Amino acid sequence: MSNPVDSVQGPCVLSVRGLSKSFGGVRAASDVTFDAREGEITALIGPNGAGKTTVFNLMTNIFPYEGEVRFDGRDIKGLSPIQVAQAGLIRTYQSARVFPGMTVLENVLMGRHRLLKSAPLSQFFWGRSSRREEADLRRRAEGLLDLVDLLKERDTHAVDLPMGAQKLLEVVRALMSQPRLLCLDEPAAGLNDRETEDLAVLLKAVRASGVPVLLVEHNMGLVMGVADQVVVLDAGAVIGRGTPAEIQHNERVIQAYLGREDHATA
Amino acid sequence: MIEFIQICVDGLVVGAIYALIALGFSIVYRVTGAISLAQGGFVIVSALAGFTFTETLGMPPIVGLPLAVVLTTIFGTVLGAVTFVPALSRLSNSNVLMITVGMLTLLEGLSFIVWGSQPYAPPPFSGQNPISIGSVRIPTQDFWVLATVAVVLAGLWYLIGHTRLGRALRACSENPVAASLVGVNVPRVTVLSFMLATALAAIAGVVVAPTTTLQFDIGRLFTISGFIAVVIGGLSSSAGALVGGLLLGLATQLATAYVSSLFSSAIALLILLGVLVWRPGGLIRSKVVRRLDVRDEKRVQGHLLRFPPRTAIWLAVAGLVIALALPHFITSRGVMSSLTIAAIQFIALIGLDLLMGYCGQVSLGHAGFMAIGGYTAGYLVINYDVHPLLGILAGMGLSLVCALVLAVVTLRLRGLYLALATLAFSLLVDSCAVGFIDITGGPSGLVGVPSFSMAGFDFDTPVSMYYLAVGVSVIVLLLLFGGLRSRFGRAIIAIRTDQMAAGALGVNVVRHKLAVFSISAVLASLSGSLYAFSFNFLSPDMVGVNKSFELVSMMVIGGEGTLVGSLFGCILLTLLPTIFQSLAYYKTLASGLLLIVCFLYLPQGIYGAFAERLVRWTSRSGPSEAALDTSGRRAA
């Protein structure tokens, strides 16, 4: 069933082994095993309710689970979601969760939180190290905003942006934290075609900058266009993996999609 | 033994009353997911109205008391329908809680105007002679209370379990959206739940009246006891309210009898904290779990207020100049003193705004920290001749310790529960202030606090004290604005609006909340110390629960989440009663009314509304300047 990947394989950033979780009687994830590699975009796809977001929630330790998750060579099971984030595994959410009460720019600045070093006292006393750090931070954030064409909106209240822009903003915010692995939960949901194209460009740029991406996505056009590896989930279990081309011809995958629901066209 | 039985009977009677009030909390909570602190206010309004009808107007109790209940219920329902119900769809859960604080304040202010501040003692329904069972003598009123509670419980059980209305109530409590989809009129059920709760409080009021001394401001005691009872028992079940009420009644009566009345609220607080830590859902948990977080998130409104840097500096300079020049234009000594008090309270308000406006944590007990600061500094300076500055620092240290202990115990609590824990804390401080007579001077207060002095200069006039407070405020503001514009500030705003997403970016939520709570406690303590030095005196009611409520009103009226906005609310509520002496009478009423109106119609507060206009105006008049700024920065 699994198609061995024989092309160039980078080292694993994230390796998930035998991840299992039941909610009551529902088996939300059973024995899920996959890797996300350096320099690649790995996509996690599957029909509605296949357990894609659950895998995200388990990886980031929102719920306890069975199995093993190694990130950057380190066992991250049992760490708090905050510690997971501090280790560099940064995720976004299905519904855009920009912070209300902050401008677009401030939302992006927020992404950098885990890497800022200036001492609390320096912040309160307007110390030089803190001010320098802030200025540097702003420059970086403006650069990233420029990349997604949001620089002109930098002083807008973040929640006033249209949905598509909010989703992009969330991706940019996550990028700002220099993730070791960027985990995006359905970034294209709610985007129009043009915005989805922008997102594809952004994702490729992220990969080119050396940040590996793990993507949960419904939009097959996007997945097939950008992913290096695709892992297919159905009913909580992995039913196929391989390159996009291989997946498109995988019988079980086609069955899972077409046999049950037929909404998953590109 | 006889004494023990007698105390237990007392406990049951008190507990039955608590249970009635607690039931009201539970019903409203189950339908709306919010807590109405106005409950106790209705208890007292109904009790006093009953007194007026039967004693003053001479109606027979059988007519007068039901009339009081009915009128209170109607009044309460109308009040709820125009304030609480609209608030539910507009405000976050913690702000709904605050609006009910406003309602409670309003009810107290109203009672004060109608009935004055003197105590009332209505006679028992059927004479003063107690009934003897063996050698246990039980007042007849106890039977009335227990019988009424039993009848009400039976009626309620039938209503909720066996009628269409009851089914609608239960449907709304499980899932309001689904209920509305199958044709339940959710807004009407919400009003009905509020009406039921008010009726329960009103009934509790008329039957409890003869067993206690009525005064316009004891409503909050009923609110607090009922609330503690329902949290102990479990917010989401009727049985929980009953069990919690009886348990609390027994415990407080036994503690009062065998330990000391001073510690009865301490015992209540300890039971409460124990339950919150050990079983946060209460002793009796319902099968239906209500997800607080889901509702909360949707209604958190972040409003955005950012001055262009240049405007901000100009405004700050202008504000400072006005603040410094003001004393030279004020001739009236009374106005000057009020201004000084306002400036001192502003220090506490800055901290409260950091906690509530920025971080979204509700504290209903900030005056507790003011009390700690005031009493510690005052006591040390009077008795040990400590330097006033050291006294202030000692108070800040003690407040910090208390804040940390309170925070560690309540760390897992959010929203409502944290608000309750702080309220209970403030109450505990209050009872210590009244009880530790040797240290605090008891109810009559700590007399003879010297003026603040430093480096040979005595701050013994309102004007000098005013400048001291302004100086301290400016320093505090500068520090906090420094923190708020960097990593710390962004993190706490993020925590307020989306704790989970903040965590996913690596924000240590707990540590930030702890830091904010500590800072605000220390600032309140500092303000409390200066308060004592300024008055040369400190009494428990100057820094009691009413002060906590007042601080919250000031902050909301001024504008939360702005640090400086609360100054306007503070000046308004402190200065107006001084300038218009006749208004002092209506102060409580006005502060409650203003709080409600602000929440509903001016959620950004006076300053917030003004600033919003100003920002819009400046950004319209100078778009080229803003563009220039952007390009300039990019070039750099």
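The values are calculated or read from the model by the stated rules, or taken from the named source; none is laboratory data. Keep in mind it's a predicted model, so treat the numbers as computed, not measured. Cβ placement follows ideal geometry from the backbone for every residue including glycine, while neighbour counts extend to all protein chains displayed. These area figures cover heavy atoms from the full protein model, side chains too; ligands, DNA and RNA do not enter into them. Shrake-Rupley method; radii C 1.70, N 1.55, O 1.52, S 1.80 Å.
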Could you run the numbers on buried accessible area between B and A, total for both chains, 1.4 angstrom probe, in Å² to the nearest 100? 3400 Å²
Is segment B:386-544 rounded, prolate or oblate when judged by the Cα gyration tensor, a ≥ b ≥ c being the square roots of its eigenvalues, rounded requiring a/c under 1.5 and prolate requiring a/b larger than b/c? oblate
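Could you sort the peptides B:524-531, A:240-247, A:214-221, B:58-65 by per-residue average Cβ neighbour count (10 Å cutoff), highest mean leading? Spell out each step's value before the answer.
On the way: B:524-531: 31.9, A:240-247: 18.0, A:214-221: 21.4, B:58-65: 14.8.
For the peptides B:524-531, A:240-247, A:214-221, B:58-65, the packing ranking is B:524-531, A:214-221, A:240-247, B:58-65.
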Computing the accessible area with a 1.4 Å probe over protein heavy atoms, can you report the carbon and sulfur percentage for chain B? 68 percent
Calculated from backbone phi, Karplus (6.51, -1.76, 1.60) coupling profile of segment B:574-586 in Hz, x at Gly/Pro: 8, 7, 3, x, 6, 5, 9, 3, 5, 6, 3, 4, 9
If ligands, DNA and RNA are left out, what is the accessible area of residue B:578 with a 1.4 Å probe, given in Å² to the nearest 10? 40 Å²
Kindly report, to the nearest 10 Å², the accessible surface of residue B:9 as traced by a 1.4 Å probe over protein heavy atoms only. 30 Å²
Karplus 3J(HN,Hα) series, Hz, for segment B:382-388 with 6.51 cos²θ - 1.76 cosθ + 1.60 (x for Gly, Pro): 5, 8, 10, 6, 6, 4, x
How far is it, in nm, from the label point at residue B:132 to the one at residue B:150 when both lie 7 Å from their Cα along the line to the Cβ? 2.4 nm
For peptide B:488-501, how many partner chain Cβ atoms fall within 10 Å of a residue's Cβ, on average? 5
In nm, to one decimal, how far is the residue B:385 label point from the residue B:541 one, both placed 7 Å along Cα→Cβ? 3.5 nm
Antiparallel DSSP beta bridges within the protein assembly as shown, as percent of all bridges there, nearest 5: 65 percent
The extension gain from residue B:307 to residue B:581, computed as 0.36 nm times the residue separation minus the Cα-Cα distance, is 94.9 nm
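What does the highest-first list of B:213-226, B:41-54 look like by mean Cβ count within 10 Å?
B:41-54, B:213-226
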Excluding residues fewer than 8 places away in the same chain, name every one of the lysines whose C-alpha is closer than 30 Å to that of residue B:587. B:547
Rounded if a/c is under 1.5, else prolate if a/b is larger than b/c, else oblate: which is the protein assembly as shown, with a ≥ b ≥ c the root eigenvalues of its Cα gyration tensor? oblate
Within 10 Å of each Cβ in A:68-78, the average number of Cβ atoms from other chains: 0
Over the protein assembly as shown, with neighbouring protein chains present, the accessible area per residue in Å² at probe 1.4 Å is 41 Å²
Quick check: the angle from helix B:309-329's long axis to the longest principal axis of chain B, C-alpha only, nearest 10 degrees? 80 degrees
Once neighbouring chains are kept in place and the probe is 1.4 Å, which whole percent of the accessible area of chain A is contributed by carbon and sulfur? 51 percent
On a 1.4 Å probe surface of the protein chains, which of A:52, A:21, A:117, A:204 comes out largest in accessible area, and what is the full order? A:117, A:204, A:21, A:52
Which cross-chain or sequence-distant (5 or more) residues have an amide H under 5 Å from the amide H of residue A:29, H modelled 1.01 Å from N in plane? A:21
HN-Hα couplings for segment B:433-447 via Karplus (6.51, -1.76, 1.60; θ = phi - 60°), in whole Hz with x for Gly/Pro, come out as 4, 6, x, 7, 4, 4, 8, 9, x, x, x, 7, x, 8, 9
Could you list the residues of segment A:157-189 with an amide nitrogen less than 16 Å from a label point located 7 Å from the Cα of residue A:70 in the Cα-to-C-beta direction? none
Roughly how many Å² of residue B:402 are accessible to a 1.4 Å probe, to the nearest 10? 40 Å²
